[in-house]
Each structure stands twice: as structure tokens, then as C-alpha cells.
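The structure appears below as C-alpha cells.
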Amino acid sequence: MTSNQPANLQPPAEVATGENGQQAPPDEEIWDEERLEKAMKTLKEMHIQLRGLRTTLPRLIAPLTTKQPSPEILFREFSKSANTANQEVQEFRRLMTAEDSKEVLEQAKKSRAENPKGIKPWMATEHPEWLKRDT
């Protein structure tokens, strides 16, 4: 006798239940204070790096806007500024594509969808310390 179920189906995983018999959320759904603090640090670093990228193009072309003593020096200075700009962009890209960053942004999206009321715009001018990295 053959089964109607495909052979590759797995039995359902056991679901953890809380004290009251309710289904407990998986570990990745629990955002305790420590995890929220880490998420805030990640967001702060994203913000600082993004703000730094605003000046990337002006710093990139700065050697081209000043008189250089020789074409070799012009090339060397422009190459240094291009390498610096590339490193900054790559560092920001690594931060944005890191798994932690994706989780933070996904949690923010989910939280906003679940509770869209009462979210006020965040103003950097109200938080001047936001651009300073914690040491």
C-alpha cells in the first residue's frame, strides 16, 4: 500500500508552549533590552557611516579642484581619495548587508506594521550625541 504523502515531507517540529499553554514565540522573536541596545548601536553606526558618505564625492574630487605641482602628484592624490572613498562605501555596504543589520531593519519594519500609530519622526538635531561613536 502506498502513502498519499510525498516522501520528502518532514513531521512538524515540536512547538514550545509557555506556562499558560499559549504558543511561545521562537527565540529570534524575543527582543529583550540587551538585544534592543545592540540594535540601537547598529542603527547608530549605520547613521554615522551614511552621514559620512554624504561628503564622499566632494572629498573624491577635491584633488581635482586644486592646482597640483605635477600630473604625477595629481594622479597620486586622486588615487588616494578614490581608494579612501571606495573603502568607505565598501564598509557601509558590509554593514548594511550584515545579518545583524538585516535583522534590525526587519524587526523595525515588522514593529511599524504591527503598531503604526504614535511613531513620531526622529530628528537628528534633537540628539546631537547621535553622531559620536561610543568608545
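Quick one: which of LYS38/LYS132; LYS44/LYS102; LYS44/LYS109; LYS41/LYS80 span more than 20 angstrom between C-alpha atoms?
Numbers: LYS38/LYS132 16 Å; LYS44/LYS102 14 Å; LYS44/LYS109 17 Å; LYS41/LYS80 30 Å.
Result: LYS41/LYS80 exceed 20 Å.
The simple Förster model, with R0 at 25 Å and r as the Cβ-Cβ distance, assigns MET96 and LYS120 a FRET efficiency of 0.50.
Since every read-out is calculated from the coordinates, none of them should be taken as a lab result. Predicted model only: the values in this text are computed from it and were never measured. Note that we place each Cβ from the backbone using ideal geometry, even for glycine, and neighbour counts take in every protein chain shown.
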